[in-house]
Structure formats: C-alpha cells, structure tokens
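The values are calculated or read from the model by the stated rules, or taken from the named source; none is laboratory data. These numbers were taken from a predicted model, which means no experiment stands behind them. A quick note on method: Cβ atoms are made from the backbone with ideal geometry, for glycine too, and the neighbour counts reach across all protein chains shown. Only protein heavy atoms, including side chains, enter the accessible area calculation; ligands, DNA and RNA are left aside. Shrake-Rupley method; radii C 1.70, N 1.55, O 1.52, S 1.80 Å.
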Amino acid sequence: MSMDYIRVTLPELYPYVLLTAGAISFQCLLIGFGAGGKRAKLFDHDKIKEKYGEEHQKHFKTEPPKGGYPDHGDGFYGDMLAYQDWYNFTLDQRGHKNFLEQVTIIVFLILVIGIVYPIAALAFGCLHFVFRWIFVCGYKKGPNWRLVGGVPLNLSMFAMAAMAVVAVSKWVSDIPKI
C-alpha cells in the first residue's frame, strides 16, 4: 500500500454528517451563551470595583472587567454571590464546561464514523444533540439530575469510539493495494 496518494470518496450522506457535527458545535456555543448570560445580573461591577478594584489595579493597571470575568463562580468574585445564585451559576458553568471537554471528541468521532457509516454517524449525532440538552437541563436542576442525560451520552461516546476504530479499519482495508 502506497501512502503517496489516497483518494477519499465521501458517502452521499456526508454533507448531513457535517451538518450534524456543525449543529452540535453550535449547540455548545448556545449553551455557553446561556451559562454566561447571567453574569451581568449576578456580578455587580460596582461592588467588585469597590471590593477588589484597588487590588486589581495594582496588579493589572486596569479596573476589573465587567461580568465578573474570569471568575466562573469559584473565585474571588464568586465569593460575593448569594449562595443560591452561586449554586445555580456554577451548575450552569459546569454543564457548559462538560460540553467543552467533550465537543471536540464528539465531533471528531462523528466525522470519522461518517466516512464509512454515515447513517450511524447521523444517529449518534442526533442522539448526542438530544441527550446533551437533557444533560444540561438536568444539571440546572442539580448535579444528580445530569445523570439522566449523562449516562446515555457516556455510553454512546464509548460506542462511538469503538465504531470509529471499526470504521477506520474498514476504510484502510478498502484502500487499493498497489
């Protein structure tokens, strides 16, 4: 087998695989906007400036950024939140961060599987899209509620990883031997 030149022929359904991967990526973006959208309401800029403005100015020569950045609820600014606000904000942040930790892997696996098994890739992509919403909505209720969406997400991730290995093996075995 020569690796000088390999022709890749994509299945007819591959544009839909790409669309599914793009939809999952966009979903991650939307969930991030939802998680961060509460910042302006929760992190009072005047109170942050009053409490930490001098310290921030000393180290960075600027005033603290609006929205409590870079605090995700577990830092100096998060300490100023009421307990319920802190709890809900960190649940939102953790739901989004979990997606960020996995989105690259999910998209990669869908794209790899789709080269050989586009219908399976579409099924896994749709499954992930739905169960990610369930996961994030559950996480907003409390950490244990994330399991409703998280268990199917994790099981399908392992299945996708195994299927990607099978897909690549099949794809490589189908390369003409010269």
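Give me the pairs: first residue in region 73-86 and under 15 Å from residue 53 (Cβ atoms), second residue of a type in the set (Gly, Ala, Ser), beta-carbon distance under 9 Å, and six or more apart or on different chains, which are they?
77/68; 80/68
Quick check on region 56-95: of everything there that is outside any loop (DSSP other than H, G, I, E, B) and among the polar types (S, T, N, Q), which residue is least open to solvent (accessible area, probe 1.4 Å)?
93
Which of (1) over 28 Å from residue 136 (Cβ atoms); (2) hydrophobic (A, V, I, L, M, F, W, C); (3) surrounded by 16 or more Cβ atoms within 10 Å (Cβ to Cβ) is the odd one out, the single condition residue 10 does not satisfy?
(3)
In region 1-51, how many residues are farther than 29 Å from residue 72 by Cα, aromatic (Phe, Trp, Tyr) and touching a helix residue (DSSP H, G or I) at 6+ places or on another chain (Cβ under 9 Å)? Let's see the steps before the verdict.
Of region 1-51, the ones farther than 29 Å from residue 72 by Cα are 1-20.
Of the ones still in play, those that are also aromatic (Phe, Trp, Tyr) are 5, 14, 16.
Right, trim to touching a helix residue (DSSP H, G or I) at 6+ places or on another chain (Cβ under 9 Å) and you get 14, 16.
Result for region 1-51: 2.
How about region 158-178: which of its residues are aliphatic (A, V, I, L, M), surrounded by fewer than 16 Cβ atoms within 10 Å (Cβ to Cβ) and either in a helix (DSSP H, G or I) or at pLDDT 95 or above (or both)? If you could, list the steps in order and put the result at the bottom.
From region 158-178, those aliphatic (A, V, I, L, M) are 159-168, 172, 175, 178; that's our starting set.
If we keep only those that are surrounded by fewer than 16 Cβ atoms within 10 Å (Cβ to Cβ) as well, we get 159, 161-162, 165-166, 168, 172, 175, 178.
Result: 159, 161, 162, 165, 166, 168, 172.
When region 146-157 is examined, which residues are found to be of a type outside the set (A, V, I, L, M) and either touching a Lys or Arg at 6+ places or on another chain (Cβ under 9 Å) or modelled with pLDDT under 90 (or both)? Break it down stepwise before answering.
First pass over region 146-157, keeping only residues of a type outside the set (A, V, I, L, M): 146, 149-150, 152, 154, 156.
146, 149 - these are the residues of region 146-157 that are of a type outside the set (A, V, I, L, M) and either touching a Lys or Arg at 6+ places or on another chain (Cβ under 9 Å) or modelled with pLDDT under 90 (or both).
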